[in-house]
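Presented below is the structure to which this report refers.
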Amino acid sequence: MESETKKQVPLRVFFFPLMTPGHMIPMIDVAKLFARHGAATTLITTPANEPFARPAIDRANSSSPPLPHPINLILLPFPSSVHHLLPAGHENFSSISSSSDISNLFTAIFALATPFRHLLQSHHPDCLVSDTVFAWTADISADLNIPRLIFHGPGIFSLCIHDNLDLHNAYGQATTFTIQDIPHEIRMNRWEVPTIFNFPSWVHMLRDAEDKSYGVVVNSFYELEPDYAKLFLEKPGRRAWYIGPVSLCNESADEKAVRGLAETGHEKLMAWLDTKPAGSVVYVSFGSVCEFSVDQVEEIAAGLELSGHCFIWVVRDKGPSTPEGFEERVKGRGVVLRGWAPQVVLLGHVAVGGFVTHCGWNSVLEGISAGLPMVTWPLTNDQFTNEKLVNEMLGIGVRARREGQDPTVVIGREEVAGAVRRLMDGGDEAEERRRKAREYGRMARTAIEDGGSSRVDLNRLIDELSQRRGARGEEKAEVSSN
Ligand code: UDP
């Protein structure tokens, strides 16, 4: 009877993502994966971030068959000490752009430590999955004897490069340099080094936090980056579980459509796609944070027009408008979608045959999962190493800009059109890219199925956490009976 009761107590896991769509969306997917395995999961975020989380959580909680335990959402009040630093409601990196606002949001993130400690103390979950950026959660969870798993945004190859940059400090003042001790010869430009490496105290803080943590969950799959999946685990003391692509946990179109801001009214766009031949449309999106100059937007518009291919171009609300008359001229052949796009739904439509991407890790992995070749157009941080993976290792990409070209230089219309044509036209090279992309898509789906590498890693992790919780429960029971 007692063991029956013990069995019925679910593993309680808290998830605390960085407040930006590229981290919140995949972490909600991870919470869904845990919830489907019977865990009682809770997502924590601040009030203005509720719109990024609520639709996906509500949809998951109304799924059929129902989840063993609904996903809970806790809104941690935005620290009042920093209210004056940011415009009201600007609690997400996608809603701010000035460097002072970004630095103020980081100040707010540090101010969340005390209320978060109280929250964790009062709920005392069995495990915390928190964003790498919330390094202070390592100390809090260590104090409370709660295992903390780190969730990193990027994939394994990029994480290995970051390890390497940290270890060798290879770049110094050099403009270009070679990454040491990794399975491939990778050259990097100074500007391709993620911004965080400009702040050594941050790098040390994150490294220390990792040393105090239980392990790392990564949104990738073994077969995609096998050399690096092995290398990443070679760091002494590190434990990691590769459980992606997590976006593939969304099976139905409406589950996919409610990831992130979940704007509705895309039926006309889907109907338009239905009229297009298979593989004929290129989907163009630069993620939820990147911004372009007016000049660059003009060149993209002209380039898409010149390419002659059908396209969907997602333009952010707060970015520059497309040139006057452009949308009229391309009517029937191209659609400009302003605001939030149901990206995974669109990438999965049979008419979409290619993806122009800024190489945010989620977008890359979503493109791979959909079996699509890509035009790679990185702008910042790990996007540069993601581009190297796509082109140099996987062979499924076409670079938008020449290798080594400064990312602040505007890419001209001819180059945009040229890259789109190379991607979407026929010919052996393009066919080979498509074949490889389809193969990686198949491998991604296999990884998350029963017996697949990611499914096995996820099961292993949940079993281990459950056993640890069980052992701790027995320890506690012993202490209280003595
Ligand atoms: N996304 C979306 N619709 C949009 C913009 C972004 O669904 O209009 C999703 C996209 O599918 C991905 C995430 O937001 O899951 C963006 O993450 P990524 O790492 O690709 O780029 P970031 O936005 O962090 O630069």
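Quick look at the values:
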item	result
Largest-first principal axis extents, alpha carbons of the chain, Å	79, 54, 49
Neighbourhood net charge (14 Å Cβ-Cβ; Lys/Arg +1, Asp/Glu -1) for Gly287	-2
Local electrostatic count, Thr357, Cβ distance below 10 Å [Lys/Arg +1, Asp/Glu -1]	-2
Loop sites in the range 397-456: GluC sites (Glu not before Pro), DSSP, at most 11 other Cβ within 10 Å	Glu403, Glu449
5 angstrom amide H check on Ile312, placed H, neighbours 5+ away	Val282, Tyr283, Val284, Val335
Neighbour-count ranking [beta-carbon atoms within 10 angstrom, fewest first] of Arg316, Arg329	Arg329, Arg316
Dipole magnitude of the chain, debye to nearest 20 (Cβ charges: Lys/Arg +1, Asp/Glu -1, about Cα centre)	560 debye
C-alpha center-to-center spacing [the range 1-77, the range 279-345] in angstrom	34 Å
Order of Ile196, Ile150, Ile109, Ile74 under a 10 Å beta carbon neighbour criterion, fewest first	Ile74, Ile196, Ile109, Ile150
Counted charge near Thr275, where neighbours are those whose Cβ lies closer than 15 Å (Asp, Glu -1; Lys, Arg +1)	+2
Fewest-first sequence of Thr385, Thr107, Thr357, Thr408 by Cβ atoms within 10 Å of each Cβ	Thr408, Thr107, Thr385, Thr357
Other-chain or far-sequence residues with amide H under 5 Å of Phe15's (modelled H)	Thr42, Leu43, Ile44, Val129
Whole-angstrom gap from the range 104-140 to the range 182-258, using each part's C-alpha centre	20 Å
Table column - 3J(HN,Hα) (Hz), the range 225-236, Karplus curve with 6.51, -1.76, 1.60, x for Gly and Pro	9, x, 4, 7, 4, 6, 4, 4, 7, 7, 5, x
The chain: angle of helix 99-111 to the longest principal axis, Cα-based, in degrees nearest 10	10 degrees
Per-selection metrics, the range 225-367 (Cα): Rg and Dmax in Å	17.5, 59
For the chain, share of DSSP beta bridges that run antiparallel, in % to the nearest 5	5 percent
Value of Rg to Rh for the range 381-454 (Rh from inverse mean 1/r over Cα pairs, i.e. Kirkwood)	1.06
Cross-link table Lys256/Lys276; Lys276/Lys436; Lys276/Lys318; Lys212/Lys388; Lys235/Lys256, entries beyond 28 Å C-alpha to C-alpha	Lys276/Lys318; Lys212/Lys388; Lys235/Lys256
In order through the range 17-24: 3J(HN,Hα) via Karplus (6.51 cos²θ - 1.76 cosθ + 1.60), integer Hz, x for Gly, Pro	x, 4, 7, 7, x, x, 10, 5
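Computed from the coordinates by the stated procedures, all read-outs in this text should not be read as laboratory data. Since this is a predicted model, take the numbers as computed values, not measurements. Positions of Cβ are backbone-derived with ideal geometry, glycine not excepted, and every protein chain shown enters the neighbour counts.
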